[in-house]
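Structure first, then comments.
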Amino acid sequence: MSKYNNLDVEVKDEIVIVKISRERALNALNKETIQELQKFFSFYWSDEKIKCIVVTGAGEKAFVAGADITELADLDVRTGNEAMALGQYLMKTIQNFPKPVIAAVNGFALGGGCELAMACDIRLSSDKAKYGQPEVNLGIIPGYGGTQRLPRLVGRGKAMQLIFTGDIIDAAEAHRIGLVDEVYPHDELMDNVMKMAQKICSKAPIAVALCKESINRGLDGTLTAGCDLEKANFAQCCGTGDKNEGMEAFLEKRPAKFTGH
């Protein structure tokens with residue numbers, strides 16, 4: 001396994017927990033951290049033993065409090081484009097990662113931190129977490145996909161309100177508008193995250209991966225194109241041993257033992 005300066009990685013059976021660990025900077029995403037996250041996801045891309053990734057932040061205050069302002073302050077037009085390309089590439093990697101990725105949002109998820117959470121498949125939140133895209137307060141706009149993913153999650157009007165005002169909202173409001181999927185008492189967050197991750201790991205890995213692909217690619221196209229993709233992916237599942245095992249287990253009234261083949 002690779003070693004990182006800004007990430008702590010823990011493997012628990014079929015689940016990998018990656019913790020952004022820059023606690024003094026409230027886990028802000030500097031260039032090195034983005035590059036390390038890219039390296040992390042590349043490392044586990046084809047690892048068949050791993051079935052789920054959990055992303056969280058170190059300490060009690062922050063998931064990721066944003067991008068690193070000390071780096072953003074020095075950007076010009078050219079370097080600004082390069083920096084956002086790096087961040088967007090990471091978010092696209094997470095979105096297209098062939099296994100489910102759960103954001104365990106344990107504190108501030110602002111700016112790039114909110115964008116990181118939105119790139120994950122499922123967002124589970126501490127009741128102490130805060131969310132927002134406050135970039136307009138700095139004279140910039142979200143650059144890691146926030147203007148695109150936020151409307152897809154909460155709707156056009158609410159996304160514009162949050163981005164135009166730079167307002168920060170609490171976990172309850174984030175849940176109400178659909179930005180996060182579940183909210184738990186802070187001390188119970190990771191237990192509930194692991195329960196969900198373990199439940200996902202018990203399902204057929206190929207089917208889960210193809211569900212993710214069907215949803216993500218389908219949302220980027222027309223309904224007709226999405227249904228065609230779903231049909232093709234359903235057919236692909238029918239050629240797997242996991243499909244045979246799942247059907248047999250159901251008929252025999254026993255738990256299925258999926259192998260990912």
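The values are calculated or read from the model by the stated rules, or taken from the named source; none is laboratory data. Just so we're clear, the structure is a prediction, and the values are computed from it rather than from any experiment. No Cβ is skipped: glycine too gets one built from the backbone with ideal geometry, and neighbour counts run over all protein chains shown.
Check whether at least one residue in the range 30-42 is at positive phi and not in a strand (DSSP E or B), and report yes or no. Within the range 30-42 (the criterion being at positive phi and not in a strand (DSSP E or B)), the answer is no, since none of the residues qualifies. Scanning the range 118-177 for residues being without any contact (Cβ under 8 Å) to a residue 24 or more places away in the chain and touching a His at 6+ places or on another chain (Cβ under 9 Å) gives a total of 0.
Checking the structure you have, find out if any residue of the range 148-164 is charged (D, E, K, R) and under 23 Å from GLY80 (Cβ atoms). For the range 148-164, residues charged (D, E, K, R) and under 23 Å from GLY80 (Cβ atoms): present.
Could you pull out the residue among ILE15, ILE50, ILE20 that is surrounded by fewer than 20 Cβ atoms within 10 Å (Cβ to Cβ) and either closer than 16 Å to LYS99 by Cβ or in contact (Cβ under 8 Å) with a residue 12 or more places away in the chain (or both)?
ILE50
Would you check if there is a residue in the range 55-76 being at pLDDT 95 or above, over 30 Å from ASP167 (Cβ atoms) and in the same structural domain as ILE140 (by TED's automatic domain parsing)? Taking every residue of the range 55-76 in turn, none turns out to be at pLDDT 95 or above, over 30 Å from ASP167 (Cβ atoms) and in the same structural domain as ILE140 (by TED's automatic domain parsing).
Among the residues of the range 91-99, is there at least one that is over 26 Å from ILE200 (Cβ atoms) and buried (at least 21 other Cβ atoms within 10 Å of the Cβ)? Looking for residues that are over 26 Å from ILE200 (Cβ atoms) and buried (at least 21 other Cβ atoms within 10 Å of the Cβ), one finds none in the range 91-99, hence no.
Only one entry in LEU124, LEU179, LEU162, LEU189 is under 21 Å from LEU26 (Cβ atoms), buried (at least 18 other Cβ atoms within 10 Å of the Cβ) and out of contact with any Asp or Glu (no Cβ under 9 Å at 6 or more places or on another chain), namely LEU162.
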